[in-house]
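Q: First the structure, then my questions, so here it is.
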Amino acid sequence: MTPTPTLVARDWAEIQERMLVPLYEAVYDRLEVGPGDRLLDLDCGAGLPLLLAAGRGAAATGVEADPARRALARERLLDVLEGTPDPARPYDALLAFSPDPEALTAALPAVRRGGAVVLADWGPAERCTVPSVLGGGPAPRDLDALVERAGLRPDGSGRVFCPFGYADVDSAVRGLLSTGLYPVAGGCSAGAAPCQAADPALAEKELTEALHPYERTDGAVWLPNIFRYVIARVA
């Protein structure tokens, strides 16, 4: 049975999205996000990064192209957009945890002068387990080159340990397939909306086999990763 987009989105929301909480929290700490700040998050998924920002008192808005994820995010928060935000209401910070150059360029006018732009992606290959499990996975983007091409002023960077931990292999398979990064799953790429595998049974079988070396004696799966982020400022 092929999982529906809604089920895949729920796997993202219930299993996978929390794996990036250390990254979100590290960035919010670095920016000192708090009451009065206005944040815009590109590819906000099911809304967890927005919830974390709102918990700090910030006004958080997200942009999400995938309808199933966007619907889940709207169950949590009302301010989730389908398209480009209105530049007439400037934001203090723009978050692009899976930066797409075109989407980044389109969103920059909505950030105030001097506002922060945060880009993030996988760290060094030797420090990331998940890309190898996914058959190589996407190569890390050159975040510094993105900052330069966008005409932004560099203002620091950091690395965050984001282990992907699952209760069992089944949860790990469902969580990883929900990212849309597994090669069998329709040739998706990082930052893309969740997609369906051409042969879901084969995708699950291959991924299950790839996860066996990372399965612990209690059945849990542990995949260590490092993510890198860069902070830049709008000139």
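Q: Looking for whichever is more than 19 Å from Glu17 (Cα to Cα), crowded, with 17+ Cβ neighbours inside 10 Å and either of a type outside the set (Asp, Glu) or touching a Gly at 6+ places or on another chain (Cβ under 8 Å) (or both) here; the options are Pro35, Pro90, Pro85, Pro101. Which one fits?
A: Values: Pro35 fails: crowded, with 17+ Cβ neighbours inside 10 Å; Pro90 fails: crowded, with 17+ Cβ neighbours inside 10 Å; Pro101 fails: crowded, with 17+ Cβ neighbours inside 10 Å.
Testing whether each residue is more than 19 Å from Glu17 (Cα to Cα), crowded, with 17+ Cβ neighbours inside 10 Å and either of a type outside the set (Asp, Glu) or touching a Gly at 6+ places or on another chain (Cβ under 8 Å) (or both) leaves just Pro85.
Q: Still on this structure, please answer the following. Across region 1-32, which residue is surrounded by the most Cβ atoms within 10 Å (Cβ to Cβ) among those that are in contact with a strand residue (DSSP E or B) (Cβ under 6 Å, 6 or more places away or on another chain) and farther than 26 Å from Thr105 by Cβ?
A: We begin by selecting, within region 1-32, every residue in contact with a strand residue (DSSP E or B) (Cβ under 6 Å, 6 or more places away or on another chain); these are 19, 22-23, 26-27, 31.
Now drop any that are not farther than 26 Å from Thr105 by Cβ, which leaves 19, 22.
Details: Met19: 20, Pro22: 15.
Of everything passing the filter in region 1-32, Met19 is surrounded by the most Cβ atoms within 10 Å (Cβ to Cβ).
Q: Please specify each residue of region 42-67 satisfying the condition of being in a loop (DSSP other than H, G, I, E, B) and over 12 Å from the mean Cα position of the chain (by Cα). Before the answer, list the steps.
A: To start, the set of residues in region 42-67 that are in a loop (DSSP other than H, G, I, E, B) comprises 43-47, 56-58, 64-66.
Arg56, Gly57, Ala58, Ala65, Asp66 - these are the residues of region 42-67 that are in a loop (DSSP other than H, G, I, E, B) and over 12 Å from the mean Cα position of the chain (by Cα).
Quick grid of which residues meet (1) within 22 Å of Pro163 (Cβ to Cβ); (2) among the polar types (S, T, N, Q); (3) in contact (Cβ under 8 Å) with a residue 40 or more places away in the chain:
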{"site": "Thr6", "(1), (2), (3)": "no, yes, yes"}
{"site": "Tyr28", "(1), (2), (3)": "yes, no, no"}
{"site": "Leu31", "(1), (2), (3)": "no, no, yes"}
{"site": "Leu52", "(1), (2), (3)": "yes, no, no"}
{"site": "Glu64", "(1), (2), (3)": "no, no, no"}
{"site": "Ala73", "(1), (2), (3)": "no, no, no"}
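Residues are listed down the side, and each one gets a yes or a no for (1) at pLDDT 95 or above; (2) polar (S, T, N, Q); (3) touching a helix residue (DSSP H, G or I) at 6+ places or on another chain (Cβ under 6 Å):
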| position | (1), (2), (3) |
| --- | --- |
| Arg159 | yes, no, no |
| Cys162 | yes, no, yes |
| Tyr166 | yes, no, yes |
| Ser171 | yes, yes, yes |
| Ser178 | no, yes, yes |
| Val184 | no, no, yes |
| Gly187 | no, no, no |
| Pro224 | yes, no, no |
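Q: Those residues that are open to solvent by 60 Å² or more (accessible area, probe 1.4 Å) and part of a loop (DSSP other than H, G, I, E, B), I need them from region 117-159; list them, please.
A: Here is the first cut: in region 117-159, the residues open to solvent by 60 Å² or more (accessible area, probe 1.4 Å) are 125-127, 132, 135, 139-142, 144, 148-149, 153-155, 159.
Within region 117-159, Gly135, Ala139, Pro140, Arg141, Asp142 meet the criteria.
Q: For region 94-116, what are the residues that are of a type in the set (Gly, Ala, Ser), under 16 Å from the mean Cα position of the chain (by Cα) and at pLDDT 85 or above? Full working, then the answer.
A: At the first step, the residues of region 94-116 found to be of a type in the set (Gly, Ala, Ser) are 96, 98, 103, 106-107, 110, 114-116.
Imposing the further condition that a residue be under 16 Å from the mean Cα position of the chain (by Cα) reduces the set to 96, 98, 103.
Within region 94-116, Ala96, Ala103 qualify.
Q: While we're here: For region 1-39, which positions are part of a loop (DSSP other than H, G, I, E, B) and among the hydroxyl-bearing types (Ser, Thr, Tyr)? Give the steps one after another, and end with the answer.
A: We begin by selecting, within region 1-39, every residue part of a loop (DSSP other than H, G, I, E, B); these are 1-4, 32-37.
Listed by number, the residues that qualify are Thr2, Thr4.
The values are calculated or read from the model by the stated rules, or taken from the named source; none is laboratory data. Computed from a predicted structure; not experimentally measured. Because the Cβ atoms are built from the backbone with ideal geometry, glycine has one as well, and the counts that use them run over all protein chains shown. Ligands, DNA and RNA are excluded from the accessible area calculation, which covers all protein heavy atoms including side chains. Shrake-Rupley method; radii C 1.70, N 1.55, O 1.52, S 1.80 Å.
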